[in-house]
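Working notes for the structure below.
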Amino acid sequence: MVKMTRSKTFQAYLPSCHRTYSCIHCRAHLANHDELISKSFQGSQGRAYLFNSVVNVGCGPAEERVLLTGLHAVADIYCENCKTTLGWKYVSTSKYKEGKYIIELAHMIKDNGWD
């Protein structure tokens with residue numbers, strides 16, 4: 001089900017009773033705090049978080065890229081609403097990272113229940 005908010009349509013809304021992360025540019029929901037795996041990653045624009053799953057995110061084509069931890073097959077991810085590049089998805093790498101998502105802190109904001 002798609003809901004309208006401020007004349008923007010998001011693909012998915014996360015429950016308002018949970019702490020969530022949203023796109024800092026358009027406030028589209030991106031991830032539930034329960035999906036957070038690690039806060040110890042580095043993106044091109046500073047710190048980044050590793051998530052198990054995300055919503056309202058599109059995925060570009062996979063490519064091999066040299067990251068701080070070596071060569072990985074990754075695909076850039078972007079906000080489906082405002083098209084801002086948020087980070088990347090690990091396509092083929094170590095088992096624990098494969099299929100997981102990196103979102104840079106510069107592109108997200110905390111929503112719902114953060115005190």
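What to note about this one:
- Residues in the chain average 57 Å² of solvent-accessible surface per residue, probe 1.4 Å, ligands and nucleic acids excluded.
- Accessible surface of the chain, 1.4 Å probe, proportion on carbon and sulfur as whole %: 49 percent
- Debye-sum result for the range 15-65 in log10 I(q)/I(0), which assumes one identical scatterer on each alpha carbon, at q = 0.16 Å⁻¹: -0.56
- The range 20-111: proportion of alpha-carbon pairs further apart than 20 angstrom, %: 25 percent
- Label zone (Gln42, point 7 Å along Cα-to-C-beta; backbone nitrogen cut-off 17 Å) within the range 85-115: 88, 102-106.
The values are calculated or read from the model by the stated rules, or taken from the named source; none is laboratory data. Note that the structure is predicted; figures quoted are calculated from it, not measured. No Cβ is skipped: glycine too gets one built from the backbone with ideal geometry, and neighbour counts run over all protein chains shown. Just so you know, the surface numbers come from the protein's heavy atoms only, side chains and all, with ligands and any DNA or RNA stripped out. Shrake-Rupley method; radii C 1.70, N 1.55, O 1.52, S 1.80 Å.
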